[in-house]
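A.B. asks: One structure follows; several queries about it will come next.
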Amino acid sequence: MHALHFDNRYVNELPGDPERSPRRREVRGALWSAVDPTPVAAPVLLAHSPEVAALVGLGEADVASPDFARVFGGNALLPGMQPYAGNYGGHQFGNWAGQLGDGRAITLGEVVSARGERWELQLKGAGPTPYSRTADGRAVLRSSIREFLCSEAMHHLGVPTTRALSLVGTGEPVVRDMFYDGHPKPEPGAIVCRVAPSFLRFGHYQLPASRGETDLLRTLVDFTIRRDFPHLAGEGETLYAAWFAEVCERTAVMVAHWMRVGFVHGVMNTDNMSVLGLTIDYGPYGWIDDYDPDWTPNTTDAQGRRYRFGWQPRVAGWNLSRFAQALSPLLDGVEALQEGLQRFADAYARADHDTIARKLGLAECRDDDIECMTVLQGLLQQGEVDMTLFFRALMDADLSDASLSAFDDAFYNARKRETVAPGLRDWLAAYARRRADDVLDAATRRERMRLANPRYVLRNYLSQQAIDTAEAGDLSGVHELLDVMRRPYDDQPGRERYAGRRPDWARDRAGCSMLSCSS
Ligand code: AMP
Ligand code: MG
């Protein structure tokens, strides 16, 4: 572990805050503040991702050493680490919120692996920073388990995401009022070490722009392109435009994947949007059980449902417009930024059409197929049909079977099943005709569908069950769920229970269908 090689370009090349203390404050003219993690009472390693350990250059012996929990619990630093909290702002629920920053995230440093890859190691829940405002800088076990598991599940599903190296219990309680209803209680605390090439967010650029700090903005943009987008060519405005366009494209691809697997981020504020197009900041996210584009897991969002499943593509576009606005001081006209936004729309349409073709097992997506998918989605919504189970079953279904028995597991409501059955039968007949007209042979089609339609997703109630047992001291549920999610497209004999539909008891249970931002 002591052999990890750090090259901390962010703090070494960018202006930092001269003050070195966690005192809460406004930080102007600087992109980061040095701050050490606050040690915890009794750090214990609860879970780790072997794949991420290998990525950053840590072996199983490193993970097993007592130093590991101390370092990734915030009680010790390795040589070369230079901890800091990043300074950024953001639009929250559509309103400009000013300075936010890493209130409970502390980057330890940038590891350069033997393969030459750069990985930022960031603790979440490691104690107060200058950006903690009124909060404590800590995180509870339940939300840390959710971030840990979902980061890895998303990766294995093929969705661009930040990763998670470790989950460390702190041995300290954290007080949270889970439903903001005046009932605070102590909960076990934990710290996740997140890993990504960079945790830069749209909000990092918005904050200096909002303050008229154009030189600082330019410095950060130049740095980002140099470090994280070295393949981009050109200079000046041309280079900035190319960079913005690439951020737009990556964002489009990421959101199209969310829609493919039924992931709802829940808090798509601009401070939670990565410029690398990675899914970032797992909070009150959720997974679609019955197909419902209006569903949001976030109780804070229950009124406006801004971040509902079906709105994610348009919210991503809105966020990119805010990002474009932040970059506008660096560009003469607005055309380049408008072109970038058009790239988002085009890239999203392309990715969506690709998703349609893959989910339906077609060689290509024709114009009619877009309508075909829309009709199907309408039926799934009307019939309260499970999204994951339906598409997986479609792969092997007898399309002429009027009983719809291949989809038995996917229905939540017998009456609604009766209502949509005629429509579904018609749809399946039309789909069978379309398939007959497609060039793919049966085996190729099945494989294409298998790899687009997961058997296992991180259903909200599965995480909650793992959390319930973990809070009672048994981490085996977390380990097993992590292992199931390593191969989400494979049938895993003996693990059928992880592939079932949401049980009735979980329908309206806290943590299963409703999540608050309290974490
Ligand atoms: P989020 O909605 O989780 O993305 O958080 C929005 C802002 O609140 C970010 O600046 C976070 O760092 C900050 N924040 C959230 N929870 C805490 C906490 N417990 N302590 C300090 N800052 C926090
Ligand atoms: Mg955040």
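A.B. asks: Which of rounded, prolate or oblate describes region 221-308 when judged by the alpha-carbon gyration tensor and an a/c cut-off of 1.5?
C.D. replies: Cα axes put region 221-308 in the prolate bin.
A.B. asks: What is the spin-label model distance, in nm, from ALA54 to THR419 if the labels are put 7 Å beyond Cα along the C-beta direction?
C.D. replies: A separation of 4.9 nm, rounded to one decimal place.
A.B. asks: Still on this model: Straight distance only, please: which lysines reach the Cα of LYS124 with their own Cα at less than 27 Å, same-chain residues fewer than 8 apart left out?
C.D. replies: LYS185
A.B. asks: Enter the angle in degrees (range 0 to 90, nearest 10) between the Cα long axis of helix 460-471 and the first principal axis of the Cα atoms of the chain, meaning the one along which they spread out most.
C.D. replies: 50
A.B. asks: Further, regarding this structure: Estimate the FRET efficiency between ASP409 and ASP483 by the formula 1/(1 + (r/R0)^6), using the beta-carbon distance for r and 25 Å for R0, to the nearest 0.05.
C.D. replies: About 0.65, to the nearest 0.05.
A.B. asks: Name the residue farthest towards the positive end of the dipole of region 355-508 from the options ALA499, THR355, TYR456, assuming +1 on Cβ of Lys and Arg, -1 on Cβ of Asp and Glu, about the Cα centre.
C.D. replies: Of ALA499, THR355, TYR456, it is THR355.
A.B. asks: Shape of region 402-471 from its Cα gyration tensor (a ≥ b ≥ c, root eigenvalues): rounded if a/c is under 1.5, otherwise prolate when a/b > b/c, or oblate?
C.D. replies: The shape class here is oblate.
A.B. asks: To continue, here is another question. With labels modelled as points extended 7 Å from the Cα through the Cβ direction, what inter-label distance (nm, one decimal) is found for GLN325 paired with SER476?
C.D. replies: 5.3
A.B. asks: Sticking with the crude label model, points 7 Å out along Cα→Cβ, report the distance from PHE6 to LEU232 in nm, one decimal please.
C.D. replies: With each label placed 7 Å out from Cα toward Cβ, I get 2.8 nm.
A.B. asks: Loop-only check: which GluC sites (Glu not before Pro) in region 234-266 are DSSP coil with at most 15 other Cβ within 10 angstrom?
C.D. replies: Qualifying residues, ordered by number: GLU235.
A.B. asks: Assuming R0 = 25 Å, what is the FRET efficiency of ARG305 and VAL175, from their Cβ-Cβ distance, to the nearest 0.05?
C.D. replies: Taking R0 as 25 Å, the efficiency between ARG305 and VAL175 is 0.30.
A.B. asks: Related question: Return the tail of the calculated pair distribution for the chain, meaning the percent of Cα-Cα pairs more than 46 Å apart.
C.D. replies: Pairs farther apart than 46 Å: 12 percent.
A.B. asks: Let me know the whole percent of all Cα-Cα pairs from region 6-78 that are separated by more than 18 Å.
C.D. replies: For region 6-78, the fraction of Cα-Cα distances above 18 Å is 56 percent.
A.B. asks: Just subtract the alpha-carbon distance of CYS517 and LEU77 from 0.36 nm times their residue separation and send over the number in nm, one decimal.
C.D. replies: 155.4 nm
A.B. asks: Based on the Cβ-Cβ distance of GLN342 and ALA42, what FRET efficiency does E = 1/(1 + (r/R0)^6) give at R0 = 56 Å, to the nearest 0.05?
C.D. replies: Computed FRET efficiency for GLN342 and ALA42: 0.55.
A.B. asks: Could I ask something else about it? What's the center-to-center distance, using Cα atoms, between region 36-78 and region 130-163 in Å?
C.D. replies: So the two Cα centres are separated by 16 Å.
A.B. asks: How would you rank 87-93, 463-469, highest first, on the average number of other Cβ atoms within 10 Å across their residues?
C.D. replies: 87-93, 463-469
A.B. asks: Considering only C-alpha atoms, what is the centroid distance from region 174-197 to region 488-512, in Å?
C.D. replies: Each part's Cα centre sits 24 Å from the other's.
A.B. asks: Which shape class, rounded, prolate or oblate, goes with region 85-137 when its Cα gyration tensor gives a ≥ b ≥ c as root eigenvalues, a/c under 1.5 marks rounded, and past that a/b bigger than b/c marks prolate?
C.D. replies: Judged from the Cα gyration tensor, region 85-137 comes out oblate (a/c at least 1.5, b/c at or above a/b).
A.B. asks: For ASP294 and LEU451, calculate 0.36 nm times their separation in residues minus their Cα-Cα distance, and state this gained length in nm to one decimal.
C.D. replies: Roughly 53.9 nm would be gained on extension.
Rule-based calculations on the coordinates, nothing more; no lab input. Everything numeric here is computed off the predicted structure, so don't read it as measured data. Glycine gets a Cβ as well: all are built from the backbone with ideal geometry, and neighbour counts include every protein chain shown.
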